[in-house]
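Worksheet: one structure, shown below.
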Amino acid sequence: MLQNRNVLARAKNGTGKTAAYIIPCLEKTDTTKNQIQVLVLIPTRELALQTSAIVKEIGKHMGINCMVTTGGTSLKDDIVRLYDSVHMVVATPGRILDLGSKNVADLSNCRTIIMDEADKLLSAEFQPVLEKIIDLCDNNHQICLFSATFPVTVKDFCQKFVPNPYSINLMEELTLRGITQFYAYVEERQKVHCLNTLFSKLEVNQSIIFCNSVNRVELLAKKVTELGYSCFYIHAKMQQANRNRVFHEFRNGGTRHLVTSDLFTRGIDIQSVNVVINFDFPKNAETYLHRIGRSGRFGHLGLAINLITYDDRHNLRRVKQDLGTEIRPIPAQIDRSLYVG
């Protein structure tokens, strides 16, 4: 990155890739210039807030002004902040395109573009927006992509916009290390009872429970609370202020269990989570990998439990094949040494 090369880096969430791109970005930034020199693009608001906090912590003695801007916050406040000297911007794509296309954020001198969680950023929803953002930046720019998975969409984008990248792939060694995975065949109507049994038998520090829809997130959170367990929920249709509050309270240990949609699968760093439960099994290996990545971050041990209905059986087989991983039937007793440090 310091040599201004394009970079394609594949590494599991939680292995330090955020710091790996923040440190050279800070090193490259010239604080004598009142210009946006680095743009970090992030797919979700929560991850953008977390990333900007890391930038400010690492660069707190360097005089670098980092601004975070996301949808769901005041556009007027962003405009006011851009009157000051801003060297680095951490943003969700829609918001920075809005600011850039209105000439509020001048990206013409931005020569470093970071795309974190690139597989999500290059979905059909975001890709046209990204292409417009790139056009607003300095023609002599570098693009650095970071993600745990690189599907076809990322490869196609690289062929067009990221010539001759320096490739780094740490996934073969790190993908699911430290995470023990089990499945249990259940009928849909038995799932809540099964969850209650798991809570009573496992030593849960904190757990994240995934559902496949917003409605099911709210319904399950209500059921878990009725069972007598402390539980929050979070999903994309909540007001941003509420999402931020729930995220911070969970991270600070305000509750033991969090029910969520796939909003919460992108790089969010909560090291105390040692159990992940797929109440609803995901449709593909990519989503599965991001979900399970919550429980074994930074080398910590983790436990992943999948509740599998008859309709999920083909997806279970496909996930095991695609990831080359072992997901075993759940035993009557789970050895605590597998997930309790």
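Here are a few things to note about the model shown:
- Scanning region 12-40 for residues that are in a helix (DSSP H, G or I) and touching a strand residue (DSSP E or B) at 6+ places or on another chain (Cβ under 9 Å) returns 17, 18, 20, 21, 22, 24, 25, 26, 28.
- Residue 217 being assigned to a helix (DSSP H, G or I), in the same structural domain as residue 249 (by TED's automatic domain parsing), touching a residue at least 24 places away in the same chain (Cβ under 8 Å) and surrounded by 12 or more Cβ atoms within 10 Å (Cβ to Cβ): yes
- Looking across region 240-271, the residues that are modelled with pLDDT of 90 or more and either outside any helix (DSSP H, G or I) or acidic (Asp, Glu) (or both) come down to 249, 252, 253, 254, 255, 256, 257, 258, 259, 260, 261.
- Residue in region 174-190 that is out of contact with any Pro (no Cβ under 6 Å at 6 or more places or on another chain) and within 19 Å of residue 8 (Cβ to Cβ) present: yes
- Take the conditions (1) at pLDDT below 90; (2) under 24 Å from residue 138 (Cα atoms); (3) buried (at least 16 other Cβ atoms within 10 Å of the Cβ); residue 3 misses just one of them, which is (3).
So that you can scan it fast, the table gives a plain yes or no per residue for (1) farther than 12 Å from residue 112 by Cα; (2) modelled with pLDDT of 95 or more; (3) crowded, with 23+ Cβ neighbours inside 10 Å:
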site: 23; (1), (2), (3): yes, yes, no
site: 32; (1), (2), (3): yes, no, no
site: 37; (1), (2), (3): no, yes, no
site: 49; (1), (2), (3): yes, no, no
site: 56; (1), (2), (3): yes, no, no
site: 60; (1), (2), (3): yes, no, no
site: 63; (1), (2), (3): yes, no, no
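- When residue 70 is tested against (1) in contact with a Gly (Cβ under 9 Å, 6 or more places away or on another chain); (2) over 26 Å from residue 287 (Cα atoms), just one condition goes unmet, and that condition is (2).
So that you can scan it fast, the table gives a plain yes or no per residue for (1) in contact with a strand residue (DSSP E or B) (Cβ under 9 Å, 6 or more places away or on another chain); (2) part of a helix (DSSP H, G or I):
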site: 114; (1), (2): yes, no
site: 120; (1), (2): yes, yes
site: 129; (1), (2): no, yes
site: 143; (1), (2): yes, no
site: 149; (1), (2): yes, no
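The values are calculated or read from the model by the stated rules, or taken from the named source; none is laboratory data. Predicted model only: the values in this text are computed from it and were never measured. Quick reminder, even Gly has a Cβ in these numbers, built from the backbone with ideal geometry, and neighbours come from all protein chains shown.
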